[in-house]
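The values are calculated or read from the model by the stated rules, or taken from the named source; none is laboratory data. Note that this is a predicted model, so its numbers are computed, not measured. Cβ placement follows ideal geometry from the backbone for every residue including glycine, while neighbour counts extend to all protein chains displayed.
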Ligand code: SF4
């Protein structure tokens with residue numbers, strides 16, 4: 001494929017790493033926002049190739065990981081109801097709720113189906129007019145446009161048996177929460193390239209200025225990530241707190257305007273609970289009033305749920321860059337991909353899963 005293999009060339013990556021080494025003069029803590037970037041970093045061992053002054057911490061940009069336990073428990077309750085088909089992306093089926101996961105509900109007779117697009121769920125609703133079809137709509141700004149499109153399509157088709165359990169989250173409020181915390185360690189950000197392909201990066205300049213941190217839009221291949229790190233380090237060393245784009249082949253300052261207009265038409269900002277982190281004001285998108293008929297939380301009576309998180313799981317601290325997976329006493333012991341205690345061990349973008357999969361199993365004896 002053109003424009004992918006070129007960004008995996010070892011010689012080019014090592015060239016940028018050498019530039020980073022020449023540039024850095026003091027310790028810096030950088031956070032990559034996106035779980036896809038985390039996986040690429042750990043898979044290619046980029047963090048181990050960096051100068052020791054650079055520490056990478058892993059951000060909350062994994063939608064499966066940050067979907068609140070309360071909403072997962074609601075999805076489990078709805079999926080177990082008679083006459084309901086719950087459609088979801090595959091990753092969500094293994095995410096542990098308080099007591100079980102969607103696989104368990106399916107094994108017990110619930111009709112839980114894996115789809116690859118929200119429009120597949122709309123089609124299931126068309127084909128099953130006597131059943132209630134609920135799509136579990138999780139994700140950041142990247143999945144918001146197709147989910148908005150599905151609601152618009154359901155409305156135009158007059159489908160009354162389709163609804164969405166919405167768990168959309170937004171990156172900028174999460175950056176405010178991390179940078180505004182008294183425990184914050186992050187001094188520079190690699191922003192998520194695919195989110196910025198939709199939303200642009202015009203929102204990040206004021207954040208960079210407010211907290212005096214450089215923010216660089218970064219892609220996902222090893223060369224992209226090395227270039228993003230180099231640019232953040234150059235800005236830190238020059239004491240410049242600005243937002244820049246190092247993913248020029250996919251991102252513009254303004255982003256994808258038609259996609260943004262579709263999001264604005266269907267969703268409006270709302271407060272959102274992030275798993276392990278807590279409520280972040282204005283960090284979610286909820287359905288606008290004119291689309292509330294499609295809100296599964298209003299359609300199904302599932303309000304009284306009291307979620308219960310595993311006491312061993314420290315995913316919330318990992319997602320804020322305060323700890324690493326091997327700081328968790330359960331990592332690779334009680335918690336593995338086969339027996340996950342938290343969402344960061346389940347998701348293909350979760351930091352714990354990345355450390356486990358790519359053999360960062362150097363668990364300290366004392367932990
Ligand atoms: S290793 Fe498991 S229990 Fe520990 S933080 Fe990660 S997901 Fe949670």
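Quick check on my filter: what residues within segment 324-339 are near the ligand (Cβ under 8 Å from one of its atoms), buried (at least 16 other Cβ atoms within 10 Å of the Cβ) and over 14 Å from residue 95 (Cα atoms)? Within segment 324-339, 325, 328, 330, 331, 332 meet the criteria.
Kindly establish whether residue 148 is farther than 25 Å from residue 249 by Cβ and either in a helix (DSSP H, G or I) or out of contact with any strand residue (DSSP E or B) (no Cβ under 7 Å at 6 or more places or on another chain) (or both). Against the criterion (farther than 25 Å from residue 249 by Cβ and either in a helix (DSSP H, G or I) or out of contact with any strand residue (DSSP E or B) (no Cβ under 7 Å at 6 or more places or on another chain) (or both)), residue 148 qualifies. For residue 342, state whether it is more than 6 Å from the ligand (Cβ to nearest atom) and not assigned by TED's automatic domain parsing to the domain that holds residue 187. Judged against the criteria, residue 342 is not a match. Condition first: surrounded by fewer than 20 Cβ atoms within 10 Å (Cβ to Cβ), free of Cβ contacts under 8 Å to residues at least 24 places away in the same chain and more than 19 Å from residue 274 (Cα to Cα). Can you find one or more residues in segment 107-119 that meet it? Within segment 107-119, one or more residues are surrounded by fewer than 20 Cβ atoms within 10 Å (Cβ to Cβ), free of Cβ contacts under 8 Å to residues at least 24 places away in the same chain and more than 19 Å from residue 274 (Cα to Cα). Filter segment 307-328 down to the residues that are under 20 Å from the mean Cα position of the chain (by Cα) and part of a loop (DSSP other than H, G, I, E, B), then identify the one that is nearest to residue 97 (Cα to Cα). Across segment 307-328, the extreme among qualifying residues is 309. When residue 238 is tested against (1) surrounded by fewer than 20 Cβ atoms within 10 Å (Cβ to Cβ); (2) touching a helix residue (DSSP H, G or I) at 6+ places or on another chain (Cβ under 8 Å), just one condition goes unmet, and that condition is (2).
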